[in-house]
Every structure is written in structure tokens, then in C-alpha cells.
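*Asks:* Here's a structure for you.
Read the figures in this text as sums done on the coordinates, not as results from a lab. Being a predicted model, the structure only gives us computed values, none of them experimental. Glycine gets a Cβ as well: all are built from the backbone with ideal geometry, and neighbour counts include every protein chain shown.
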Amino acid sequence: MCQGRALLVVRSQVIPARDEEFSRWYNEVHLRDMRRVPGVVSARRYVALLDEPRYAAVYEMESEEVFQTEAYLNVPGGRRDGGLPAKWGKDLAAYQRSPFKLLYTSE
């Protein structure tokens, strides 16, 4: 049963040469950091079976206000702090990301 009222879905694709490094960072570091943000109810990552982009991460938030908090905005991951994708420098073309937010009410 869902507990939150807002979802963040991030679909991402990375070139094969960076996939292992990216997946290790995402699964071991980024998801852990997102789960520590106050108001994040859950964080999970999925692998596509048939389509691209290869990955989708779904974050369930208590409310849409979580997206505005310093804790959320400062999670390492390429936003403000130069997380892993930013460390690739000009090789950033190896990584594509498409985030979108969905606000909903649970029954």
C-alpha cells in the first residue's frame, strides 16, 4: 500500500562502458542517500526487460514539499555537488536522464 502522495520517476540510460560503474554507484550510494532524505518513503530501481532507457528509479515521497527541501536538493547525484555523472566531465554524454514528478492522492 502506498504511503506517499508524490512520486519521482527517473528513467536513465548509460553507455555500456559506464554501466557497471554507474549501477554500482546508483545501487550502493545514490539509493541509500535518497532513502535518508526526510519525507522519502521508498526508493527503488528497476531494469527494463524490453525497452530503453534501461533503468527506471521510483521514489515515493510523503508530499510534494520534499522536492523543495535542502536535504533533497543536496543529495549527491549530479544536482549541486558534482555526483558521479558530473565527475565524468565531457564524457557526460554517456549518461541520459529523464525525470518527471507525479502528484497523486491515495485512496
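*Asks:* So what J values fall out for region 36-46 if you push phi through Karplus, 6.51 cos²θ - 1.76 cosθ + 1.60 with θ = phi - 60°, rounded to Hz, Gly and Pro as x?
*Replies:* After applying 6.51 cos²θ - 1.76 cosθ + 1.60, I find 7, 6, x, x, 8, 7, 7, 8, 9, 10, 10 Hz.
*Asks:* Right, here's the next one. Suppose the chain between residue 35 and residue 74 were pulled fully straight at 0.36 nm per residue; how much longer would it get relative to their current alpha carbon spacing?
*Replies:* 12.7 nm
*Asks:* I would also like to ask the following. What ranking of 8, 50 emerges when the number of other C-beta atoms within 10 Å of each C-beta is taken as an exposure proxy, fewest first?
*Replies:* 50, 8
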